[in-house]
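The values are calculated or read from the model by the stated rules, or taken from the named source; none is laboratory data. Everything quoted here is computed from the prediction, not taken from an experiment. Glycine also receives a Cβ, built like all others from the backbone with ideal geometry; neighbour counts cover every protein chain displayed.
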Amino acid sequence: LIYLVVHYQNKNETPKAMDEDDGPRGEEHAQGANASDTLLTSLAAHEALAMISSAGKSSDPAPRVFARVSSKLKEGSEAGGSALQQPSSEEREAMASAQECGNNLFNAQKYGEAATAYTEALRYAHDADDVATLLSDRSAAYASLSRTYRSRPARTSEYRALFDLDPTSLAQMALKDAERAVAVRPGWAKAHSRKGAALFLLERFHEAREAYLEGLALEPTNSTLQEGMREVQAVLAGDGDGDGNGETGGETDAAATAAAATAPSSTKRQRSLGGSSFRSELDDWDCSLCARLLFEPVTTPCGHTFCRECFARAIDHRPRCPYCRTVLHVARDSLPVTITLANIISRAFPEEYEERRGEMTAGAGGPVAGGGAATTGDGAAAAAAAGTASEAVQQTLTLPLFVMSLLMPGESMALNIFEPRYRLMVRRVMEGSRRLGMAQARRDASEIEDVAVEAEIIECQPQPDGRYYLELVGRRRVRIHSHSEMDGYRVARCEVLQDTEPRPDTAEREALPELVTQVDRLVERLLSVLRSHAGPRYGRQGLRIQAALDGVGERPPPEQTERYSMWAATVASLVIPDLDKASLLRSTDTGARLRQLHIQLETWIGSLVVGAGPGCRVM
């Protein structure tokens with residue numbers, strides 16, 4: 001135990017990092033961790049430090065100290081004087097020493113260790129000003145560590161994984177300390193600045209603005225408060241995203257402004273509800289993007305409502321709520337219409353709602369409201385082009401990427417998420433579409449493969465230590481057109497991939513059933529070998545083989561050649577270490593994929609000896 005503590009304290013870095021290997025390794029999340037010994041050492045060190053620091057005293061003195069100071073301040077105000085206990089000289093010296101140590105660590109950008117030092121100083125704090133100062137300093141340390149993790153390049157994390165709290169949890173801890181500091185010293189501008197910074201990291205931008213305004217009311221010339229206010233205003237105005245990636249929302253906001261400027265006033269609703277005196281109430285039924293009556297309203301996870309089509313266009317531009325700028329990982333068509341709200345609007349404003357329906361139908365290339373001639377000539381061509389463009393947009397999606405290894409469509413996988421950046425990503429994904437992209441790292445300038453698989457989270461279990469246990473299943477292939485970074489993880493613009501069906505009555509089409517039969521024969525032989533060595537009677541290896549067999553999914557019918565080829569590739573990957581999953585996913589030719597699988601399976605079975613054979617990766 002002492003060795004673990006000393007070994008951990010001698011580390012220079014604040015977070016406990018995995019040992020760096022000679023290349024990107026995705027992470028040790030799946031099935032068994034490659035760096036489990038290092039991870040256990042990290043966990044043991046954290047537990048050992050917690051045990052020693054909590055011997056005979058609370059692990060975090062802040063709640064106790066805050067309650068004591070608040071109670072004494074209340075008693076002092078009622079008695080008309082100060083009722084705070086004065087610290088002894090030894091306590092004052094110990095507090096000053098720990099605080100100075102924390103300041104030095106903070107200046108050295110060792111924010112985690114600085115927070116620990118401030119926690120130690122809080123144990124000896126009695127004066128209200130000292131408590132507020134230490135809470136403020138610790139809030140700054142947590143917030144700085146959260147920003148550090150958000151800005152850590154994804155490439156660095158793919159080479160060297162971290163085990164620590166995720167940025168959102170750190171920001172929540174920063175907010176709690178800042179709120180306590182404000183409660184102890186409500187007239188201190190710095191405490192309000194800390195609160196605003198923590199709220200900004202939590203993407204609660206409107207509340208952050210209020211916190212900065214309260215601080216500026218106390219100190220109008222405070223440069224930190226002014227800078228924080230400018231940052232919040234930029235995000236709310238659409239000139240920034242709050243994540244440092246430099247994207248702007250000018251196009252979206254310009255479109256919304258233009259729509260609002262050209263939108264006709266809702267005269268029918270004004271007349272039916274009594275005119276302009278109800279204008280503020282009427283605004284509640286308008287979409288904030290198009291400034292028209294809500295049509296097919298959808299509600300985001302953050303609680304804001306827009307027209308379905310307006311939201312789809314906004315989310316195509318960037319994955320944020322158009323109103324509050326909260327990050328949203330939702331598919332373009334994943335949010336259902338809010339039925340209750342749609343029924344209320346259609347019954348309260350039936351005429352205008354029907355007008356909106358006619359506008360949307362006409363805009364989609366359908367029959368024009370009120371009748372009219374069928375579209376002919378150039379109009380038909382334009383409608384067809386619009387339909388094609390709409391289909392293309394619906395096949396394009398934005399996905400957060402989990403860089404580890406490729407998953408085949410239909411394949412299941414269990415993941416143990418411990419990295420801060422991926423914990424943040426999982427939390428956002430679970431609030432949205434529950435889908436992410438499984439990608440694979442490369443060693444060249446491309447950094448990741450240009451293909452991935454959209455996977456759906458079917459099970460998510462938060463663990464007591466902050467980790468997430470996930471169960472995923474692959475859904476569909478995507479080609480990555482571009483990718484950027486958001487809060488330490490990658491986000492990609494993708495296009496859904498589908499095989500090109502061969503034309504009927506061609507030799508290629510007629511050869512597919514025979515190819516499927518040949519591959520299926522080899523796959524069945526492979527499965528029989530694996531099944532003969534699966535199960536508890538073969539010990540740990542048998543259980544691993546059984547788990548691998550359970551993860552390949554259900555065998556599709558041979559008539560569904562594309563799905564079957566993907567399933568066969570999943571089975572083949574169990575025993576062929578050098579199977580190029582990326583090329584199989586990238587291919588849009590079912591016949592070529594089946595032929596490639598046939599060659600590799602035949603080679604493996606040809607080298608098979610009695611038993612599983614030396615070429616079996618699972619054995």
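Quick notes on this one:
- Near pairs, Cβ below 6 angstrom, 6+ apart or cross-chain, from the stretch 305-316 (closer than 17 Å to Val327 by Cβ) to any residue that is of a type in the set (S, T, N, Q) and assigned to a helix (DSSP H, G or I): Ala314/Thr252
- Hey, Arg521 at pLDDT 90 or above, part of a helix (DSSP H, G or I) and on the phi < 0 side of the Ramachandran plot or not: yes
Okay, residues lined up against (1) among the hydrophobic types (A, V, I, L, M, F, W, C); (2) assigned to a helix (DSSP H, G or I); (3) modelled with pLDDT of 85 or more:
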{"position": "Phe306", "(1), (2), (3)": "yes, no, yes"}
{"position": "Cys310", "(1), (2), (3)": "yes, yes, yes"}
{"position": "Ala331", "(1), (2), (3)": "yes, no, no"}
{"position": "Ser334", "(1), (2), (3)": "no, no, no"}
{"position": "Glu352", "(1), (2), (3)": "no, yes, yes"}
{"position": "Thr361", "(1), (2), (3)": "no, yes, no"}
{"position": "Gly365", "(1), (2), (3)": "no, no, no"}
{"position": "Ala369", "(1), (2), (3)": "yes, no, no"}
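- Listed by first and then second residue, the pairs with beta-carbon distance under 7 Å, at least 6 apart or on different chains, first residue in the stretch 198-209 and at pLDDT below 95 and of a type in the set (Val, Ile, Thr), second buried (at least 22 other Cβ atoms within 10 Å of the Cβ) and part of a helix (DSSP H, G or I), form an empty list.
- Between Tyr212, Tyr142, the distinction of being farther than 26 Å from Asp465 by Cα, touching a helix residue (DSSP H, G or I) at 6+ places or on another chain (Cβ under 7 Å) and at pLDDT 95 or above belongs to Tyr212 only.
- Ala582 small (Gly, Ala, Ser), loosely packed, with under 15 Cβ neighbours inside 10 Å and either at pLDDT below 90 or within 17 Å of Arg476 (Cβ to Cβ) (or both): no
- Identity of the residue in the stretch 492-521, aliphatic (A, V, I, L, M), closer than 27 Å to Ala455 by Cβ and out of contact with any His (no Cβ under 6 Å at 6 or more places or on another chain), that ends up surrounded by the fewest Cβ atoms within 10 Å (Cβ to Cβ): Val496
- Residue match in the stretch 430-438 (condition: hydrophobic (A, V, I, L, M, F, W, C) and at pLDDT below 50): no
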